[in-house]
Amino acid sequence: MSYKFYIVATPIGNLSDISMRAVEILRSVDYIACEDTRVTRILTEKYRIKAKLIDCHKFNEKEKSRKILDLLNEDKKVALVSDAGTPCISDPGSTLIKTLYENDVKITSIPGACAVTTFLSLVPRDCEEYAFIGFIPRIKKQQFDILNKYKYTNCVFYESPNRLMDTLLNIQELFGEEKKIAVARELTKVFEEVKIDEVKNIIKYYSENTLKGEIVALVYAKDEREESDDFIMDKINILKEEGYSPKDISKIISKLYNINKNKVYKMVID
Ligand code: SAM
């Protein structure tokens, strides 16, 4: 089947991580829409790709979508790439794709590198399920909200190196210093590094070592059984034996396990 528009995954670091089909398609199209022509030119020069580059980023996507539609109506073939990995995954492109669907353009996607899937294939996990939240919000309250929302799922996110330390401290505050996490830097590149440990150890490691490059991270899921009422009741009983007041017990338990204080208080009294 022949298509007029191709979404093409490109490498996330190592320039050899591109499929033969992706190169063939990029060589066959008339135009390549890309985020930054300087980045994409490195790839087109390496693979002797002659297509003209159109810059299409989040600030001009709407206007460029119309231009690309005009080119397609003139029977030109167009591909979309991003600076790294799979377009439209935490990257611009969705406005363009929406426009193409609305105008019945036949499109297809050429799979390839993606930081999330590369990372997930590399770190140990007990279950298949995960939540990918893209770039984690910068504001602490928003981080707490989203991490809480997905606390029973392995939660994967992108983060920049200069914000990672704050985010790790927030994870530690929210889930405790023993919370298990995984952090990968510079996947597929010379300085690739993966750390899987309790958050306190990762904070220590990055306060003593360089924290640069591109980052993808995972907060491991909380085991739901941890919070079952029996589990909480055991902890309440220990504190009761130690002579803590119901008020203090509910304060401590709710803080430790992030449970509603009134619910714990009721359990203590009951
Ligand atoms: N579309 C891309 C994909 O398929 O993964 C992601 C684009 S998003 C704008 C860029 C972010 O992805 C980076 O800030 C970083 O968090 C993550 N990322 C990209 N390349 C990476 C790499 N080589 N190692 C680790 N994380 C990477």
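The values are calculated or read from the model by the stated rules, or taken from the named source; none is laboratory data. Remember, predicted model here, so these are calculated numbers, not experimental data. Here the Cβ positions follow ideal geometry from the backbone for every residue, glycine too, while neighbour counts run over all protein chains shown. With ligands, DNA and RNA removed, areas are computed over all heavy atoms of the protein, side chains included. Shrake-Rupley method; radii C 1.70, N 1.55, O 1.52, S 1.80 Å.
Note the full-extension length gain between residue 192 and residue 209 as 0.36 nm times their separation in residues minus their Cα-Cα distance, in nm to one decimal.
Gain on extension, residue 192 to residue 209, equals 4.7 nm.
Within 10 Å, count the other beta carbons around each residue, average over each peptide in 36-46, 114-124, and list them highest first. Mind dumping the intermediate values first?
On the way: 36-46: 14.5, 114-124: 16.8.
So the order, starting with the most tightly packed, is 114-124, 36-46.
Going 7 Å from the Cα of residue 41 in the Cα-to-Cβ direction, what parts of region 60-95 have a backbone nitrogen less than 16 Å from that spot?
Within reach of a label on residue 41, which here means backbone N under 16 Å from a point 7 Å along Cα→Cβ, region 60-95 contributes 83.
Could you tell me the calculated FRET efficiency between residue 125 and residue 178, based on Cβ-Cβ distance and R0 = 22 angstrom, to the nearest 0.05?
Values: r = 18 Å, r/R0 = 0.83.
My answer for the efficiency is 0.75.
Using 5 Å bins from zero, what percent of all Cα-Cα pairs in the chain falls into each bin?
1, 5, 11, 13, 13, 12, 11, 9, 7, 5, 4, 3, 3, 2, 1, 0, 0
I want the local charge near residue 88. Using Cβ-Cβ distances under 14 Å, sum +1 for each Lys or Arg and -1 for each Asp or Glu among the other residues.
Numbers: positive: 58, 98; negative: 35, 61, 83, 91.
Neighbourhood net charge equals -2.
Tell me the per residue accessible area of the chain using a 1.4 Å probe; a whole number in Å² is fine. Please list the in-between numbers first.
Values: 15220 Å² over 270 residues.
The answer is 56 Å² per residue.
Please list the non-local residues whose amide H lies under 5 Å from the amide H of residue 110, H modeled 1.01 Å from N, same-chain partners needing a gap of 5 or more.
Those lying under 5 Å, H to H, from residue 110 are 7, 8, 9.
Below 8 Å, C-alpha to C-alpha, sequence gap of six or more: please give me the relative contact order for region 60-119 in percent.
On the way: 33 pairs, mean separation 21.4, N = 60.
Rounded, it is 36 percent for region 60-119.
Which far-off residues, 5 or more places away or on another chain, put their amide H under 5 Å from the one on residue 32, with H placed in the peptide plane?
It is 52, 53, 54, 79, by chain and number.
List the residues, sorted by chain then number, that are 5 or more residues from residue 214 or on another chain and whose placed amide H is less than 5 Å from its amide H.
Result for residue 214 returns 186.
Per 0.36 nm of contour for each residue apart, how much would the distance between residue 266 and residue 27 grow if the chain were fully extended, relative to their Cα-Cα spacing?
Details: separation 239, 0.36 × 239 = 86.04 nm, distance 6.79 nm.
Additional length available on full extension: 79.2 nm.
So which helices of the chain fit the span-like rule, where a helix is a whole DSSP H run, its Cα atoms reach 24 Å or more along the axis, and its mean Kyte-Doolittle is at least 1.6?
Answer set is empty.
Compute the relative contact order of region 160-250 as a whole-number percentage, counting only Cα pairs closer than 8 Å that sit 6 or more residues apart in sequence. Show your work: numbers first, answer last.
Working: 91 pairs, mean separation 25.3, N = 91.
Value for region 160-250: 28 percent.
Given a 1.4 angstrom probe, I'd like the percentage of the accessible area of region 116-219 that is carbon and sulfur, rounded to a whole number. Each step should come with its number before you reach the end.
Numbers: 2690 of 5470 Å².
It is 49 percent, rounded to a whole number.
Residue 162 to residue 14: FRET efficiency via 1/(1 + (r/R0)^6), r the Cβ-Cβ distance, R0 25 Å, to the nearest 0.05? Don't skip to the answer; put the middle values down first.
Working: r = 24 Å, r/R0 = 0.96.
Once the sixth-power term is evaluated, E becomes 0.55.
Could you sort 82, 245 by their accessible area in this structure, using a 1.4 Å probe and putting the largest first? Write down the numbers at each step before the final one.
Details: 82 5, 245 45 Å².
Reading off the accessible areas and sorting them downward yields 245, 82.
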